[in-house]
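The values are calculated or read from the model by the stated rules, or taken from the named source; none is laboratory data. Here the structure is a predicted model, which means the values were calculated and not measured. For neighbour counting, all protein chains shown are included, and Cβ atoms are generated from backbone atoms with ideal geometry for every residue, glycine included.
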Amino acid sequence: MADDTHYDVIIIGSGAGGGTLAHRLAPSGKRILLLERGPYLRRERDNWDSTAVFVQGKYRAKETWHEPDGSEFHPGIQYFVGGNTKVYGAALYRLRPQDFGELQHRGGVSPAWPFGYDELEPYYSQAEQLYQVHGRHGDDPTEGDWSEQYPKPPVSHEPRIQQLSDDLERAGLTPFHAPSALLLDEDESGEATQASPCIRCNRFDGFPCLVHAKADAEVICVSPALRHENLRLLTDAYVSKLETGSAGREVAGVLVEREGESERYSADVVVVACGAINSALLLLRSAGEGHPNGLANGSDVVGRNYMRHLSSVVMALSKEPNPTRFQKTLALNDFYFGADDSEYPLGNIQMVGKSDGEQIKGEAPAWAGIAPVMAFEDMARHSVDFWLMSEDLPLPDNRVTLDGDGNAVIALRDTNLESHKRLRSKLEHRLSDLGMHRHLLPRNLYLGKQMDITATAHQAGTVRFGSDPAASALDLDCKAHDLDNLYVVDGSFLPSIGAVNPALTIIANAMRVGDRLLERLG
């Protein structure tokens, strides 16, 4: 009988990195154990209830983290099979080729990667095919070369968003269809039909999908991978520590707390994919005699260089009603690398899920004296909603650590704020030409609060990879420099984050590392 505690590969985390890697390795026949800290996300009416999701935070982890001064906060993080992709906006953008080189920003320098865009391009294409991305390469003038067109056509704009697109073009800008990972019912022309679940409702960005119409890591990767008998999934399995062998060169044990009991597993290869914050915390918790500062931390970079984008979700009010149901179809990169009055990059503008009355009501205190005198539902009928994103630059002192009691501590100082303010100004100054009132209002419920420490979407950078062991934790295959069988495949590896959603880059890199592991495992 096969040993139920030893595997060829253990993967810790089932999100964009870990879930995709499990899918990549499952057909190999190797014995794989996938450990997920949370349960399956229950499909229920509250999945699409704004009050439950945003006001009550029903699906957020009931966890308390700390700031360096001891202040407590509740992070915007989720633990489920599929990881944070269960509530992501399914916006799967590639980094720009220039993002792989050194870029000077107003707030500092975005460092070069150890390889260029060409290394990742084939995997970007494979990731787009796997996650069934809707889009059209060639429309965004800032994108790089592509070897394969998107597998699905772009989701067509509804009338008010088409009008917005036309107005932006008349203003000399280049809007394009946002690349979206949706599972839609399509007509013979390939366009989404009104029967498609995502088109019927606006419960998408930040919501779990009740009908599994979002291409998340559970739906696309974990569930299909589990059809292979060699893959085993354990849910509600919290990995408390990784133990090393006597020589200190390999992970010899994975300690798990499950159903009130302690369990120990081992594998020839151990892959950490808990998300950038929790992966760093796990490596730091695993400090021992041979690794006093934590695993993979001979360079003292584990936990450092934490990034998570400078992001704002804002609402404009259209002068005419906006009856759009699925709003997330348009994006704009004209200011990605600068503007006529800025030599420095500003960032990306894209649409976000449509506001509704309950969300606006929950945020109303923040708008005292600003919001027009409108009933909440009337405001929702006129809302046009945007996500603005600027690059967060890596700083060694922006870091994840543990205090003396083992609590997570996040130290964060925003970088590049001036560029983000200028990006918002670029949109705000054009509102009157876009058929909208003059001011943008913050959608604080979506991010926790605008750009504060509770906003953990797009987390990255805490276990960066590189060719120099003195300045990075991982080599170019995302294997720890200090250990022979430890890999990391979530957003931790990113040396820079660009100004687009990082999910596709995490997915593509997991596929790339998966191929390296298949070679290693024979």
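Here are the numbers:
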| quantity | calculated |
| --- | --- |
| Single match in VAL302, VAL269 (criterion: surrounded by 24 or more Cβ atoms within 10 Å (Cβ to Cβ) and within 26 Å of the chain's Cα centre (by Cα)) | VAL302 |
| Flag for ARG227 being in contact with a Leu (Cβ under 6 Å, 6 or more places away or on another chain), farther than 23 Å from GLY491 by Cβ and surrounded by fewer than 17 Cβ atoms within 10 Å (Cβ to Cβ) | no |
| Lone qualifier among SER110, SER71 - being among the hydroxyl-bearing types (Ser, Thr, Tyr) and more than 21 Å from the chain's Cα centre (by Cα) | SER71 |
| Every pair of residues 6+ apart whose Cβ atoms lie under 8 Å, when the first sits in region 504-522 and is farther than 14 Å from VAL269 by Cβ and touching a residue at least 40 places away in the same chain (Cβ under 8 Å) while the second is assigned to a loop (DSSP other than H, G, I, E, B) and of a type in the set (D, E, K, R) | LEU504/ARG94; THR505/ARG94; ILE506/ASP490 |
| Some residue of region 281-304 being part of a loop (DSSP other than H, G, I, E, B), at pLDDT 95 or above and within 24 Å of GLN350 (Cα to Cα) | no |
| Enumeration of residues in region 233-252 that are part of a strand (DSSP E or B) and either crowded, with 17+ Cβ neighbours inside 10 Å or under 25 Å from the mean Cα position of the chain (by Cα) (or both) | LEU233, LEU234, TYR238, VAL239, SER240, LYS241, LEU242, THR244, VAL251, ALA252 |
| Tally, over region 256-277, of residues that are within 24 Å of THR20 (Cβ to Cβ) and free of Cβ contacts under 8 Å to residues at least 60 places away in the same chain | 1 |
| Criterion (outside any strand (DSSP E or B) and modelled with pLDDT under 95) met by exactly one of ALA508, ALA457, ALA499, ALA470 | ALA457 |
| Selection from region 125-146 of residues that are in contact with a helix residue (DSSP H, G or I) (Cβ under 7 Å, 6 or more places away or on another chain) and in a loop (DSSP other than H, G, I, E, B) | TYR131, GLY144, ASP145, TRP146 |
| Inter-residue pairs, beta-carbon under 9 Å, first more than 25 Å from PRO175 (Cα to Cα) and free of Cβ contacts under 8 Å to residues at least 40 places away in the same chain and in region 111-140, second surrounded by fewer than 18 Cβ atoms within 10 Å (Cβ to Cβ) and hydroxyl-bearing (Ser, Thr, Tyr), 6+ apart | PRO122/SER147 |
| Residue count for region 22-59, restricted to those that are surrounded by 15 or more Cβ atoms within 10 Å (Cβ to Cβ), more than 11 Å from PHE207 (Cα to Cα) and touching a helix residue (DSSP H, G or I) at 6+ places or on another chain (Cβ under 9 Å) | 16 |
| Residue match in region 46-57 (condition: among the aromatic types (Phe, Trp, Tyr), closer than 21 Å to GLY275 by Cα and outside any loop (DSSP other than H, G, I, E, B)) | no |
| Among (1) within 27 Å of PRO224 (Cα to Cα); (2) in contact with a strand residue (DSSP E or B) (Cβ under 7 Å, 6 or more places away or on another chain) - the single one ALA61 does not satisfy | (2) |
| Hey, ALA480 buried (at least 21 other Cβ atoms within 10 Å of the Cβ), farther than 21 Å from TYR117 by Cα, in contact with a strand residue (DSSP E or B) (Cβ under 8 Å, 6 or more places away or on another chain) and modelled with pLDDT of 95 or more or not | yes |
| Residue within region 357-365 that is assigned to a loop (DSSP other than H, G, I, E, B) and at pLDDT below 95 present | no |
| Scope region 388-416; condition among the hydrophobic types (A, V, I, L, M, F, W, C) and over 18 Å from ALA457 (Cβ atoms); matching residues | LEU395, LEU402, VAL409, ALA411 |
| Region 253-262, residues that are surrounded by fewer than 16 Cβ atoms within 10 Å (Cβ to Cβ) and in a strand (DSSP E or B) | GLU257, ARG258, GLU261, SER262 |
| Residue within region 61-76 that is in contact with a helix residue (DSSP H, G or I) (Cβ under 8 Å, 6 or more places away or on another chain) and among the hydrophobic types (A, V, I, L, M, F, W, C) present | no |
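Each row is one residue, and each column tells you yes or no for (1) over 30 Å from HIS429 (Cβ atoms); (2) surrounded by 21 or more Cβ atoms within 10 Å (Cβ to Cβ); (3) at pLDDT 95 or above.
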{"site": "LEU120", "(1), (2), (3)": "yes, yes, yes"}
{"site": "TYR131", "(1), (2), (3)": "yes, yes, yes"}
{"site": "ASP145", "(1), (2), (3)": "yes, no, yes"}
{"site": "PRO151", "(1), (2), (3)": "yes, no, yes"}
{"site": "ASP166", "(1), (2), (3)": "no, no, yes"}
